[in-house]
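Here the structure is laid out as structure tokens; the discussion comes afterwards.
The values are calculated or read from the model by the stated rules, or taken from the named source; none is laboratory data. Just so we're clear, the structure is a prediction, and the values are computed from it rather than from any experiment. Every residue, glycine as well, gets a Cβ built from its backbone with ideal geometry; the counts of neighbours run over all protein chains shown. Calculation scope for accessible area: heavy atoms of the full protein, side chains included, ligands and nucleic acids excluded. Shrake-Rupley method; radii C 1.70, N 1.55, O 1.52, S 1.80 Å.
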Amino acid sequence: MPFAVRQARFALAVLLLCGMSMAASAEVVAHKRVSYFDISGNTADELDAALNARGPTAIGASSSHPGATNIQFGGQATYVEEDSRCHIIGIKVTVETEIILPRWKDRSHAPKRLSLVWDTLSADIRRHEERHAEIARQHARMTEQAILKLPPERNCDLLQVKINAESARNIEEHDRDQARFDLIEAANFRNRMKRLMNYRSVSKNDEN
């Protein structure tokens, strides 16, 4: 079963201060929220059909997915012009993530075996999407540090070009890491679900 991640590009605002010497500062601000889409069904086939019909779709794709993570990067760089050089004195990178998960409305009427399958699947979907959000936060921190390390330039226009290039490079790395994670997860999905089902079945039996 495929998963999805959707990304938005990095937008960096600029603040220019003239003649103010101060220590460089850096900050990453991360916000996460979770939203749900409802599905109905009383059999595994009905749940699968509902996920395919009602699940979110990735940008540029037509097929639905059981879960998704929307990612929005942004931020602000602060410059100062001093001694005929332009310095970075502050960088704030923001990352907003929205995790979209399925919610089964008919669970109270379902057989125990189907509930076990759903618990296993929904937990794996949440874990997968949480990992996408964590990858985004990691790359926000990497972007912050990479921009903060940029050396001064003879003017702020040149420094802005360097910041834009560094931001683009880090976003490309972020997208590659997200795609690599999806490939690994897709290849291991069946084996992972089988192990989880076996573990949950044993745990349920031990409780009885």
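Does GLY90 satisfy the condition of being within 18 Å of ARG33 (Cα to Cα) and open to solvent by less than 80 Å² (accessible area, probe 1.4 Å)? Write out each step before concluding.
Working: within 18 Å of ARG33 (Cα to Cα): no; open to solvent by less than 80 Å² (accessible area, probe 1.4 Å): yes.
No, not satisfied.
Test SER84 against the stated conditions and say whether it is open to solvent by 10 Å² or more (accessible area, probe 1.4 Å), in contact with a helix residue (DSSP H, G or I) (Cβ under 8 Å, 6 or more places away or on another chain) and farther than 15 Å from GLN178 by Cβ.
Numbers: open to solvent by 10 Å² or more (accessible area, probe 1.4 Å): yes; in contact with a helix residue (DSSP H, G or I) (Cβ under 8 Å, 6 or more places away or on another chain): no; farther than 15 Å from GLN178 by Cβ: yes.
So SER84 fails the test.
For the range 167-180, give me the residue count where each residue is farther than 15 Å from GLN72 by Cα and either of a type in the set (S, T, N, Q) or open to solvent by less than 30 Å² (accessible area, probe 1.4 Å) (or both).
Count: 0.
Just name the residue that is nearest to VAL95 (Cα to Cα) out of those in the range 122-143 that are open to solvent by 20 Å² or more (accessible area, probe 1.4 Å) and either in contact (Cβ under 8 Å) with a residue 60 or more places away in the chain or of a type in the set (Ser, Thr, Tyr) (or both). Lay out the reasoning, then the answer.
Kept after step one, since they are open to solvent by 20 Å² or more (accessible area, probe 1.4 Å), are these residues of the range 122-143: 122-123, 126-127, 130-131, 134, 137-138, 141-142.
Filter once more, so that each one left must be either in contact (Cβ under 8 Å) with a residue 60 or more places away in the chain or of a type in the set (Ser, Thr, Tyr) (or both): 122-123, 137, 141.
On the way: SER122: 25, ALA123: 24, ARG137: 7, ARG141: 10 Å.
Among residues in the range 122-143 that are open to solvent by 20 Å² or more (accessible area, probe 1.4 Å) and either in contact (Cβ under 8 Å) with a residue 60 or more places away in the chain or of a type in the set (Ser, Thr, Tyr) (or both), the one nearest to VAL95 (Cα to Cα) is ARG137.
I'd like to verify a number: residues in the range 149-161 that are open to solvent by 50 Å² or more (accessible area, probe 1.4 Å) and within 19 Å of THR94 (Cα to Cα), how many?
Qualifying residue count for the region: 1.
So which of ALA168, ALA146 is small (Gly, Ala, Ser), more than 21 Å from VAL34 (Cα to Cα) and in contact with an Asp or Glu (Cβ under 8 Å, 6 or more places away or on another chain)?
Sole residue among the options that is small (Gly, Ala, Ser), more than 21 Å from VAL34 (Cα to Cα) and in contact with an Asp or Glu (Cβ under 8 Å, 6 or more places away or on another chain): ALA146.
Only one of (1) open to solvent by 20 Å² or more (accessible area, probe 1.4 Å); (2) over 26 Å from VAL29 (Cβ atoms) is not met by GLU98, so which one is it?
All conditions pass for GLU98, except number (2).
If the Cβ limit is 9 Å and pairs must be 6+ apart or interchain, which residue in the range 25-51 that is closer than 16 Å to THR69 by Cβ and small (Gly, Ala, Ser) pairs with which residue that is open to solvent by 30 Å² or more (accessible area, probe 1.4 Å) and in a strand (DSSP E or B)?
ALA30/THR94; ALA30/GLU96; SER35/GLU98
Could you give me the residue pairs with C-beta distances under 6 Å whose first residue belongs to the range 65-77 and is more than 13 Å from ILE135 (Cα to Cα), whose second residue is open to solvent by 10 Å² or more (accessible area, probe 1.4 Å) and polar (S, T, N, Q) wherever it lies, and which are 6+ apart or on separate chains?
GLY74/THR94; GLY75/THR94
ILE100: under 13 Å from ALA136 (Cβ atoms) and part of a strand (DSSP E or B), yes or no?
Answer is no for this residue.
Of all residues in the range 181-208, how many are surrounded by 15 or more Cβ atoms within 10 Å (Cβ to Cβ) and at pLDDT 80 or above?
Matching residues across the range 181-208 total 3.
How many of the residues in the range 66-85 are assigned to a loop (DSSP other than H, G, I, E, B) and in contact with a strand residue (DSSP E or B) (Cβ under 8 Å, 6 or more places away or on another chain)?
2
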